[in-house]
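**Q** If you scroll down you'll find the structure; I have some questions about it.
The values are calculated or read from the model by the stated rules, or taken from the named source; none is laboratory data. Please read these numbers as outputs of a predicted model, since none were measured by experiment. So basically every Cβ, Gly included, is an ideal-geometry build from the backbone, and we count neighbours across all protein chains shown. Heavy atoms of the whole protein, side chains included, go into the accessibility calculation; ligands, DNA and RNA do not. Shrake-Rupley method; radii C 1.70, N 1.55, O 1.52, S 1.80 Å.
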Amino acid sequence: MIELADALALVERIAAPLPPRRLPLLEACGRVLSAPVVSDVDSPPWDRAMMDGFAVRSVDFSAAAAEVIELDVAVDLAAGDVTSLTIARGCCARIMTGAPMPAGADSVVPVEAAVDDTAGAHAGCRVRLRDERFRAGQHVARQAAAFRRGQEVLAAGMVLGSAEVGLAAEAGATHVLVPPRVRVALVSTGSELVPSDAVPAFGQTRNSNGPMIAAAVQLLGAEPIPLGIAPDRPEAIRAAIAQGLAADLLVLSGGVSAGDLDLVPEIFRRCDVEKIFHKVRLKPGKPVWFGVLRRAAATSTLVFGLPGNPASSLDCFELFVRPAIAILAGRPRDAWHLPRGTARLTGPATAAADRPVYLPCRLTPADGGLAATPLPWSGSSDLLGLAGAAGLLALPAGGRRYEPGAAVEVVLRS
Ligand code: AMP
Ligand code: MG
């Protein structure tokens, strides 16, 4: 049995980012950039009108901001229109948001500043404008004010969210370099298990780990590959493992404790999966198993055996599999683990004597920090107590009873 910190260090040491690929922007969404994005354009690409109104020369205004200025409308410019005309003194252009400013003009007077029903004035008419707040350059976004052609607009390591996809699109990147989606094969072992759409007979148990771990994988942006249920027979488990080893990561649940039919560790060994650790000082989750099938050229498969009891299974997923997926996906170190913090207990909680324990709790803001309310929970098979728990109390071994008001460490689940 090893300590949790040592186990996590081993996962972090053995997991490595998958080799990146060039993918279309939308496919890369949610992933981490392996290389920066450099823009092929200025933004804005030219001086751009930012209001509907009249493109004017500020010299016509600056002397007499409070007065009504009468100008000839020389041209109409909607977004997408361009003109070779230069706006002369005493003239202006009727302009719509998004159009390039015509030469000579440097400011936009909003259409609301037109007086005496001249707001609709088009080319060939005169417009009367009074803008008491006029300042030179107003309502114009200057060329390259945001970024220049050749500038790095997205750095390696950034996650491609919606704004980043928009920016990459603006910068001319149709494809970006990202690690591929992490493929995670999932096998639920246990002869007692039936699919979750079946009504369990006496002695049977619905496979809740399968959908639960698939959901957890999907929520991390990885691809779950559910391989279903393998009954506790060596050949059945071996066949499922052989299939799952084609993925980047293989996660089994059940069959890793000390029972007669806990066959999984021995079958891993026979499938050449090298054991890195088995059993961690942790509650729930002690039986967790981790290993690796090493192959050439950065295509190893990481293998986890999670305990069968559903709450243990999920806790172990969050502690061990989450960082492995994050590392394969190239995520920065600060995004490998669920965040931790400190909270004040609102009710008593008791630590386990021999192992660090994780207990579901509610988290609420209090006094500028967090308050943690322990939730009723009957142990490692109890998903009811875990569902809806925003946090886990992380209490060190020692059997201490923590009273209300005590500051404790919490893991933030959501
Ligand atoms: P094991 O780790 O295989 O000894 O299983 C421990 C407990 O978890 C047993 O009560 C199993 O029936 C239960 N269990 C194992 N796998 C699953 C699963 N996929 N879904 C729900 N319960 C499970
Ligand atoms: Mg079992």
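**Q** Mind ordering 106-114, 281-289 by average Cβ neighbours within 10 Å, highest first?
**A** 281-289, 106-114
**Q** For the chain, set up a Gaussian network in which alpha carbons nearer than 10 Å are linked by springs, and say which option among Arg238, Arg270, Arg21 fluctuates the most.
**A** So, out of Arg238, Arg270, Arg21, the one fluctuating most is Arg270.
**Q** Most fluctuating residue of Thr118, Thr189, Thr174 in a GNM of the chain with Cα springs under 10 Å: which is it?
**A** Of Thr118, Thr189, Thr174, the Gaussian network model singles out Thr118 as fluctuating most.
**Q** Order Cys316, Cys125, Cys91 by their accessible area, 1.4 angstrom probe, all chains in place, largest first.
**A** Cys125, Cys91, Cys316
**Q** For the chain, give the magnitude of the charge dipole about the Cα centre (Cβ charges: +1 Lys/Arg, -1 Asp/Glu; no others), in debye to the nearest 20.
**A** Here the chain has a charge dipole of around 1360 debye.
**Q** Run lengths n ≥ 4 of DSSP H only: what is the helix-derived mean residue ellipticity at 222 nm for the chain, with -39500 (n - 2.57) per run over all residues, to the nearest 500?
**A** Taken over the chain, the calculation gives -4500 deg cm²/dmol.
**Q** Now for a different question. Which of Gly285, Gly330, Phe134 sits farthest toward the positive end of the charge dipole of the chain, with +1 on the Cβ of Lys and Arg and -1 on the Cβ of Asp and Glu?
**A** Positive-most Cα among the choices belongs to Gly285.
**Q** Okay, moving on. Would you mind checking the stretch 376-406 for residues with the amide N under 12 Å from a putative spin-label position 7 Å along Cα→C-beta of Arg344?
**A** The answer is 404-406, whose backbone nitrogens lie closer than 12 Å to the label point.
**Q** What's the magnitude of the charge dipole for the stretch 319-385 around its Cα centre, counting Lys and Arg as +1 and Asp and Glu as -1 at the beta-carbon? Answer in Debye, nearest 20.
**A** 200
**Q** Can you compute the radius of gyration and Dmax for the stretch 296-414, using only the Cα atoms, both in Å?
**A** 15.8, 54
**Q** Using a 10 Å cut-off on Cβ atoms, rank the peptides 207-215, 81-89, 241-249 from the highest mean neighbour count down.
**A** By packing density, highest mean first, the sequence is 207-215, 241-249, 81-89.
**Q** Right, something else. Carbon and sulfur: what percent of the chain's accessible surface (1.4 Å probe)?
**A** 53
**Q** Another question, then. How far, in degrees from 0 to 90, does helix 234-244 lean away from the longest principal axis of the Cα atoms of the chain, to the nearest 10?
**A** 20
**Q** While we're here: With a 1.4 Å probe and every protein chain left in place, work out the accessible area per residue of the stretch 151-285 in Å², rounded to a whole number.
**A** 46
**Q** Assuming 1.306 mPa s and 10 °C, estimate D for the stretch 356-414 with Stokes-Einstein, Rh taken as the Kirkwood radius over Cα pairs, in µm²/s.
**A** 133
**Q** Using only the Cα atoms of the chain, what do you get for the radius of gyration and for Dmax, in Å?
**A** Taking only Cα atoms of the chain, I get Rg and Dmax of 31.4, 95 Å.
**Q** First select every other residue whose beta carbon is under 15 angstrom from the beta carbon of Ala171; then total the charges, Lys and Arg +1, Asp and Glu -1.
**A** For residues surrounding Ala171, the net value is -3.
**Q** What whole-number distance in Å separates the alpha-carbon centres of the stretch 43-118 and the stretch 338-361?
**A** Distance between centres, Cα-based: 65 Å.
**Q** Which FRET efficiency value, to the nearest 0.05, do you get for Glu409 and Glu235 by plugging their Cβ-Cβ distance into 1/(1 + (r/R0)^6) with R0 = 45 Å?
**A** 0.55
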